[in-house]
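Worksheet for the structure shown next.
Here, each number is a calculation from the coordinates, and none is a lab measurement. A quick note: this is a predicted structure, and the numbers were derived from the prediction, not measured. Positions of Cβ are generated from backbone atoms using ideal geometry, with glycine treated the same way; all protein chains shown enter the neighbour counts.
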Amino acid sequence: MSIISIEILKKNIPFFDILKNIEKEHNAKIYIVGGCLRDICLNIPVHDIDITAENIEYTKLAKILGKYLKSYAVAFKDNMRIMKNNMIIDVSKLRGSTIYEDVLKRDFTINNLACSLDAEIIGSIDDIKNGIIKAVYNNAFDDDPLRIIRAVRFAAVFGFDIESDTMQLAISKNSLLKNTAKERVLEEFRKMFQGRFLSKAVNIIAEYNILSTLLDTSKLDNEKLLHGINLSKDFDLLLSIWCKDEKFIEYLGLTVKEQKNISVYSSINYDALKQSDDKALKYFIFNHADLIKNIIIYVKINFKDEKLAEKLDNLYNLIDFNKAKAVNGALLLSLGFKPSPLFSEIINETAFLLAINELNQDNIEEYIKERWC
């Protein structure tokens, strides 16, 4: 646990001296605030830095800092963001008239910290030391219901415990989550699934039903998820293993690719796969080549069939996908075929036979003519 000093601030904030110059030149009082101070205390590398200030407008401060850093400040609702060398710098509007009012309006006590450039700390680091997630004030979830999910996410990332009164408050306010932008909810879940202590978070969700407004906990399988995170970090795969609540998955607003992948996982006919011969399994693998590694994991965990998963993996290694490239649209055109739905049928079947060595490059044209002409 680091005790914050000027030396530690300089180490974690590469533009610290620039801030000191701005503060002096404009007679301002600049503070480092929020989660980056928590991370500094926990000796976690800092990638997001939050800044606010007294005696200078946050927009002016952001533009001056952006000029020094040779990076443009992008305006949002109450903050301006600067991106520099993979670091996110948020310069925010002061919440209240003083920094003391500002920290009292933040979400959790692990985040309601401020530190001047002279290393004067405002707020307490006790809950960081003790690993406790505690709401700063009783209306914290009314002001931003997403904080309910954020509390669970912090449990996943840091392994902290949610304080009992905060837990009860979150449960009583979880109906407010329906008014939260789904994009923000999705981002919290992405971060949650990356947490080292994900087991703590999903157990909280299951035990306390803290997200009941969004999620049917009877359709979750924590055991499968915790097995899955040892094999993959792909969010769509882990989500599909963990959650069978289709309404929630649809609500999240995943990317088109993620939606497509989850659709593939959910449409797997396990009984049909289990009864298929090797050639049929190879055809299945061939048609899902870009996703087959995840499908193998899905079969292993979701259907608890290690034997079938191993068989799919072995058959996948027998398929030569490079050979499949020998057949293409140009070849079909040269043989007199016109573009049509038949193109795909010919290419897919011929490419598959090439990949499993039932056809060789020397007799591709002969095969196509005999089969389709």
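Quick notes on this one:
- Taking a straight line from the alpha carbon of LYS307, these aspartates and glutamates sit under 19 Å away, with near neighbours fewer than eight places off in the same chain left out: ASP271, ASP277, ASP278.
- Charge dipole (Cα centre; +1 on Lys/Arg Cβ, -1 on Asp/Glu Cβ; no other charges) of the chain amounts to roughly 640 debye.
- Spatially, region 55-120 and region 149-222 are offset by 27 Å when compared through their Cα centroids.
- Principal-axis analysis of the Cα atoms of the chain puts helix 256-266 at an angle of about 60° to the longest axis.
- Region 323-372: proportion of alpha-carbon pairs further apart than 18 angstrom, %: 17 percent
- Helix axis angle, 292-302 relative to the chain longest principal axis, alpha carbon, degrees: 70 degrees
- What the Cβ-Cβ distance of SER276 and SER97 gives, at R0 = 45 Å and to the nearest 0.05, is a FRET efficiency of 0.05.
- Folded to 0 to 90 degrees: helix 58-69 orientation relative to the chain principal axis, Cα: 60 degrees
- Helical mean residue ellipticity (222 nm; -39500 (n - 2.57) per DSSP H run of 4+; nearest 500) of the chain: -15000 deg cm²/dmol
- Neighbour net charge for VAL264 - beta-carbon separation under 14 angstrom, K R +1, D E -1: -1
- Here the label points at GLU25 and ILE44, each 7 Å from Cα along the C-beta direction, are separated by 3.3 nm in the simple model.
- Computed from the C-beta positions of THR59 and TYR251, the FRET efficiency with R₀ = 41 Å rounds to 0.75.
- Across region 117-133, computed HN-Hα scalar couplings (Karplus, 6.51 cos²θ - 1.76 cosθ + 1.60, θ = phi - 60°) run 6, 9, 6, 7, 8, 10, x, 10, 9, 4, 6, 5, 4, 8, x, 10, 9 Hz from first to last residue, x flagging Gly and Pro.
- Nonlocal amide H pairs with ILE122, under 5 Å, H built at 1.01 Å: ALA114, CYS115, SER116
- Computed lengthening from GLN194 to LYS84, 0.36 nm per intervening residue step minus Cα-Cα distance: 37.3 nm
- Straight-distance crosslink candidates among lysines, where the alpha carbon sits under 16 Å from LYS369 and sequence neighbours closer than 8 are dropped: LYS338
- Note on LYS338 and ASN139: the extension gain reaches 64.9 nm, defined as 0.36 nm multiplied by sequence separation minus the Cα-Cα distance.
- The alpha-carbon atoms of region 268-318, seen along their principal axes, cover 23, 21, 17 angstrom, with the largest extent given first.
- For LYS219, the lysines whose Cα comes closer than 24 Å to its Cα, not counting residues fewer than 8 places off in the same chain, are LYS173, LYS178, LYS182, LYS191, LYS200, LYS233, LYS244, LYS247, LYS257, LYS260, LYS300, LYS304.
- Placing dummy labels 7 Å off each Cα toward the beta-carbon, the span from ALA330 to ASN230 is 4.8 nm.
- Of ASP142, ASP278, ASP127, the one that fluctuates the most in a GNM where the chain has Cα springs shorter than 10 Å: ASP278
- Contour minus Cα-Cα distance for GLN259 and ASP290 (0.36 nm per residue): 9.7 nm
- Net charge of the neighbourhood of ILE88, taken over other residues with C-beta under 15 Å away and scored Lys/Arg +1, Asp/Glu -1, is -2.
- Table column - 3J(HN,Hα) (Hz), region 158-168, Karplus curve with 6.51, -1.76, 1.60, x for Gly and Pro: 9, x, 6, 9, 7, 4, 4, 5, 5, 4, 5
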